[in-house]
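Novice: Have a look at the structure that comes next, please.
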Amino acid sequence: MIPVLRLDGVSFSYGSVPALADVSFDIAPGERVALLGRNGAGKSTVVRLIAGLQRPDEGTVWVGDWDTRDCAPEELARRVGSLFQHADQQLFASSVRDDVSFGPRALGVGEREVERRTDDALEDLDLTPHAAHHPYDLPPALRKLAALAGVLALEPALLVLDEPTIGLDRALRARVTRGLLERSAAGAAVLVITHDLTFAAETLERGLVLDRGTLACDEPLAALLGDATRLEPLGLEPPPVAALSAALDLPGRPVRAAEAARELARVARGRPAP
Amino acid sequence: MRSLTLEGVSFWYPATDSPALRNVSLHVARGEIVALVGALGAGASTLLLVAADLAPRVTGGRLTGSAARHDRSGIVLPTPWTQASGMAFSVWDEVAFGPANLGWPTHEIARQVDRALEQLELAPLASRDPVTLSGGELQRVIIAAILAMDPGLVLLDEPAAELDSDGARTLWRLIRLLAKEGKAVLLATSTLDALPEVADRVVWLEDGAIRAVGPPDLLADVAACDAGLGTSVATVWRTSGLPGPYPLTVAHALRRWR
Amino acid sequence: MLALALVLTLTPGAGSSPGLRPGLVVLRTVLLTAAPFWVFLLVLHDVATTVAIGLRITTMVASFVWLVAALEPARLVEAMVAAGWSASLAYLFGATLSAVPVLKARAQRIVEAQRARGLSARGGIAARLRALRALALPLVLSALHEVDERALALETRGLVPGIRRTPLAPPPDTPVERAARWALLLACLFALFRRVM
């Protein structure tokens with residue numbers, strides 16, 4: 001089975017400034033991957049290459065069996081749904097629903113299908129009560145969610161999201177987590193750039209770490225997030241739940257809140273009373 | 001010595017019936033760090049705008065109650081890119097924009113700008129064109145730009161939103177330093193886990209009103225955890241069903257566990 | 001006059017990327033902007049009149065376009081403030097000039113986001129018009145929305161009426177430049193005088 005996404009020896013520079021050097025990785029359908037690293041490590045460049053907005057200087061970006069060099073971004077939209085940073089400034093319809101339905105309509109699926117995809121995307125992010133509102137009447141956080149809904153409505157094989165949770169409070173972040181888990185269960189692959197490691201722990205399962213343009217790590221997120229000695233040179237630190245698991249030596253070193261709570265309770269029960 | 005005193009402040013944005021702030025009384029002393037926490041829309045940003053004397057003066061709307069400031073304030077908005085002057089050749093010039101507008105003499109401007117750049121570790125970027133900066137870099141530049149105006153009352157709205165963990169750590173350290181230098185700091189943030197090490201007091205806002213005020217231990221209260229405003233560690237403890245009081249940080253948890 | 005303007009359009013802008021390239025971009029903008037006028041003139045007048053009037057219009061257009069391209073808003077603000085204008089007024093001029101690149105950058109971001117959702121600008125006129133409309137609306141809306149935010153944001157940077165802003169690096173005003181300014185002004189007055197007589 002061909003991977004949903006493959007980067008094969010990809011290098012890219014903005015003029016004379018190198019951004020990526022020889023980056024290679026695959027993503028399979030249904031996988032949920034975090035792209036981590038310091039500010040400036042090259043993460044957003046990866047998103048732009050996948051979306052077809054730039055072409056790699058060396059190597060190839062494969063979206064399924066399509067070489068991004070041969071495709072325009074609007075063609076790649078059939079397979080990849082990309083959400084860029086500051087998405088709240090990119091909405092353009094007069095209602096949330098119209099904006100969200102733009103994508104599926106541009107894909108040319110039938111009107112009934114457009115409605116279904118729009119409704120599902122709005123539902124997944126609890127945006128249905130705001131469907132008729134003008135995007136600029138909503139606070140920036142909800143605009144961000146509306147932009148995400150617009151990408152979900154494409155129902156692509158691969159979702160690529162650049163910092164989708166900046167400016168969201170815990171409740172809204174949880175909505176995003178739920179939405180992405182549902183999509184991945186339905187078979188979509190998810191690649192999220194984020195510096196919110198708590199969000200990554202709750203939502204994603206594999207970690208790619210970029211360090212000054214090269215791929216420094218590619219491994220299961222749970223193991224990576226609990227390992228302070230690995231994370232520190234990469235400019236990262238374990239999120240609180242992972243740090244808690246490590247400090248208390250909880251079995252399985254869970255990095256998700258619910259699992260940590262369960263293990264904590266279990267271990268506490270098994271302990272002799274003080 | 002108080003830097004900011006709000007007494008019974010209620011505020012309505014223009015053409016809105018329901019108030020964004022209800023009867024809020026709050027004071028911030030020089031040298032103190034007060035953190036505002038709450039769900040989105042709870043009123044933290046509005047409170048900061050009132051503290052900065054931008055609401056209702058610039059935003060319009062109606063305010064009842066009293067707001068008294070004893071220091072010049074500087075505010076960093078949650079949308080720092082809107083605060084960029086749009087006409088600076090370099091990061092240095094961008095940071096100097098504010099002090100220049102205040103009419104300070106050139107040597108004083110240079111002193112403040114250099115200091116601010118150093119505090120935010122921006123010296124390597126000093127000659128970069130602000131247009132080429134990433135979101136996180138720009139956020140740091142705007143913070144430097146506001147600090148260069150030497151405000152006595154520092155107001156920060158989600159200052160770490162776009163920063164990576166190195167940048168965030170530098171920021172929290174800087175905030176503690178500012179307080180030690182005698183500035184009053186009032187900040188709104190949704191990164192609750194950083195607060196136990198940073199804030200002297202935490203104010204919980206709900207629907208425009210103050211629901212609770214207290215030391216950061218507030219973030220380990222049952223009520224806070226249930227409202228989604230507990231620290232990650234406290235929330236895990238609560239979910240596990242273990243008895244309270246819940247530990248605030250990993251270090252607290254470790255002490256409890258032994 | 002036109003020759004002078006055209007030569008100026010080809011000189012690199014002050015401070016920005018050097019070389020012929022920006023000069024050509026400006027020239028292209030000038031020609032594109034002036035083109036509709038020429039068409040209009042040709043319809044109404046004979047060739048000789050068309051050329052006479054067309055050249056004048058092109059010169060005017062060239063001057064404006066070159067001014068906007070070559071004049072960096074920051075330098076204008078500095079120069080105005082150094083000359084004694086109030087900071088707010090200087091900023092108003094400067095902001096008007098800098099609006100173009102800001103809008104351009106935003107337009108690019110919006111177009112990219114739209115393309116990533118399947119909007120295709122290729123195809124016939126209808127498709128291009130639709131794409132243009134899809135761009136224009138959010139651009140204007142977000143620009144308007146941002147005006148509010150910007151007004152608030154600029155207050156935070158100390159733009160308060162009544163305070164004399166300190167010029168940071170006022171562009172030097174050499175005697176040659178001053179002489180050139182007076183000479184140009186006199187030349188304009190002279191030309192006007194000649195016209196009227």
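Novice: Starting from the eigenvalues of the Cα gyration tensor, five times each then square-rooted, give me the equivalent ellipsoid semi-axes of the range B:217-258, largest first, whole Å.
Specialist: Working: eigenvalues 49, 21, 12 Å².
In descending order the semi-axes read 16, 10, 8 Å.
Novice: Please pull out the direction-averaged projected area of the range B:1-51, using the convex hull of its alpha-carbon atoms, in nm² to one decimal place. Write out the running numbers ahead of the final one.
Specialist: Values: hull surface 15.0 nm².
Dividing the Cα hull surface by four gives the mean projection, 3.8 nm².
Novice: Now for a different question. Normalising by the residue count of the range A:144-274, find the relative contact order in percent from Cα pairs under 8 Å and 6+ residues apart.
Specialist: Working: 138 pairs, mean separation 21.1, N = 131.
Relative contact order here is 16 percent.
Novice: Give the relative contact order (percent, whole number) for the range B:1-143; include only Cα pairs under 8 Å separated by 6+ residues.
Specialist: Details: 185 pairs, mean separation 32.3, N = 143.
This gives 23 percent for the range B:1-143.
Novice: Hey, another quick one. When the Kirkwood hydrodynamic radius is evaluated over all pairs of different C-alpha atoms of the range B:48-184, what value in angstrom, to one decimal, is obtained? Before the final figure, lay out the partial values.
Specialist: Working: mean 1/r = 0.0649 Å⁻¹.
About 15.4 Å, per the Kirkwood formula over Cα pairs.
Novice: Rounded to whole Å and sorted largest first, what semi-axes of the equivalent ellipsoid does the C-alpha gyration tensor of the range A:14-147 yield via the square root of 5 times each eigenvalue? Mind showing how you got there, number by number?
Specialist: Values: eigenvalues 181, 67, 37 Å².
Value: 30, 18, 14 Å, ordered largest first.
Novice: Compute the distribution of all C-alpha to C-alpha distances in chain A, in bins of 10 Å from 0, and list the percent of pairs in each, rounded to whole numbers.
Specialist: Going out from 0 Å in 10 Å bins, chain A shows 7, 28, 33, 22, 8, 2, 0 percent.
Novice: Rounded to two decimals, what ratio of Rg to Rh does the range C:123-194 give with C-alpha atoms and a Kirkwood Rh?
Specialist: Values: Rg = 23.1 Å, Rh = 18.0 Å.
With Rg and the Kirkwood Rh in hand, the quotient comes to 1.28.
Novice: Also, I was wondering about something else. How big is the gap, in Å, between the Cα center of the range B:187-202 and the Cα center of the range A:1-66?
Specialist: 36
Novice: Further, regarding this structure: When a footprinting reagent is the concern and you count Cβ atoms within 10 Å, what order do B:ILE142, C:ILE125 take, fewest first?
Specialist: Details: B:ILE142 27, C:ILE125 7.
Lowest count first: C:ILE125, B:ILE142.
Novice: Please arrange B:TRP12, A:TRP66 by counting, for each residue, the other beta carbons lying within 10 Å of its beta carbon, fewest first.
Specialist: Numbers: B:TRP12 20, A:TRP66 16.
In order of increasing Cβ crowding within 10 Å: A:TRP66, B:TRP12.
Novice: Which value does Rg/Rh take for the range C:73-197 over its C-alpha atoms, Rh per Kirkwood? If you can, show how the numbers build up before the last one.
Specialist: Numbers: Rg = 21.6 Å, Rh = 18.6 Å.
Looking at the range C:73-197, the ratio lands at 1.16.
Novice: For q values of 0.07, 0.08 Å⁻¹, compute log₁₀ I(q)/I(0) with the Debye formula on a Cα-only model of the protein assembly as shown, without solvent.
Specialist: -0.56, -0.72
Novice: While we're looking at this one, here's another question. State the answer as a single residue: which of B:PRO215, B:ILE109, B:VAL95 lies farthest towards the positive end of the charge dipole of the range B:2-216, with beta carbon charges of +1 for Lys and Arg and -1 for Asp and Glu, about the Cα centre.
Specialist: The residue sitting most towards the positive pole is B:PRO215.
Novice: Which Rg and Dmax, in Å, describe the Cα atoms of the range A:125-208?
Specialist: 12.6, 38
Novice: Moving to a separate point now. Take the Cα pairs of the range A:91-243, get the Kirkwood Rh, then feed it into Stokes-Einstein at 20 °C and 1.002 mPa s and tell me D in µm²/s.
Specialist: On the way: Rh = 16.6 Å.
D, rounded to a whole number, is 129 µm²/s.
Novice: Would you kindly work out the equivalent ellipsoid of the range A:169-274 from its C-alpha gyration tensor and give its semi-axes, the square roots of five times the eigenvalues, largest first in whole Å? Walk me through the numbers on the way to the answer.
Specialist: On the way: eigenvalues 131, 75, 26 Å².
For the range A:169-274, the semi-axes come out at 26, 19, 11 Å.
Novice: Still on this structure: For chain B, what relative contact order do you get, as a whole percent, if you take Cα pairs closer than 8 Å and at least 6 residues apart? Each step should come with its number before you reach the end.
Specialist: Numbers: 506 pairs, mean separation 62.7, N = 258.
Taking the mean separation of contacting Cα pairs over the length of chain B, I get 24 percent.
Novice: Compute the angle between helix B:165-180 and the longest alpha-carbon principal axis of chain B, please, reported from 0 to 90 degrees and rounded to the nearest 10.
Specialist: 90
Novice: Taking the Cα centre of the range C:28-119 as the origin and placing charges on Cβ (Lys, Arg +1; Asp, Glu -1), which of C:ILE57, C:ALA87, C:GLY118 is farthest toward the positive end of the dipole?
Specialist: Looking along the dipole axis, the top candidate is C:GLY118.
Novice: Enter the mean projected area of the convex hull around the alpha-carbon atoms of chain B, in nm², rounded to one decimal.
Specialist: Values: hull surface 59.5 nm².
About 14.9 nm², averaged over all directions.
Novice: Averaged over every viewing direction, what's the projected area of the C-alpha convex hull for the range A:229-273? Give it in nm², one decimal, please.
Specialist: Values: hull surface 13.6 nm².
The Cα convex hull of the range A:229-273, projected and averaged over all directions, gives 3.4 nm².
Novice: Something else now. Quick one: grab the alpha carbon gyration tensor of the range B:129-182, order the square roots of its eigenvalues as a ≥ b ≥ c, and give me rounded if a/c is under 1.5, else prolate or oblate depending on whether a/b is larger than b/c. Please report the intermediate quantities before stating the final value.
Specialist: Values: a/c = 2.33, a/b = 1.42, b/c = 1.65.
Oblate shape, in that a/c is at least 1.5 and b/c is the bigger or equal ratio.
Novice: Hey, another quick one. What's the exposure ranking of B:LEU47, A:LEU197, going from fewest to most Cβ atoms within 10 Å?
Specialist: Taking fewest neighbouring Cβ atoms as first place, the list is A:LEU197, B:LEU47.
Novice: If the viscosity is 1.002 mPa s and the temperature 20 °C, what translational diffusion coefficient in µm²/s does Stokes-Einstein give for the range B:102-167 when Rh comes from Kirkwood over Cα pairs?
Specialist: Numbers: Rh = 12.6 Å.
After rounding, the answer is 170 µm²/s.
Quick note: the coordinates plus some simple rules give every number you see, no bench work behind them. Predicted, not measured: the structure shown is a model, and the values here were computed from it. Don't worry about glycine lacking a Cβ; one is built from the backbone with ideal geometry, like all the others, and counts go over all protein chains shown.
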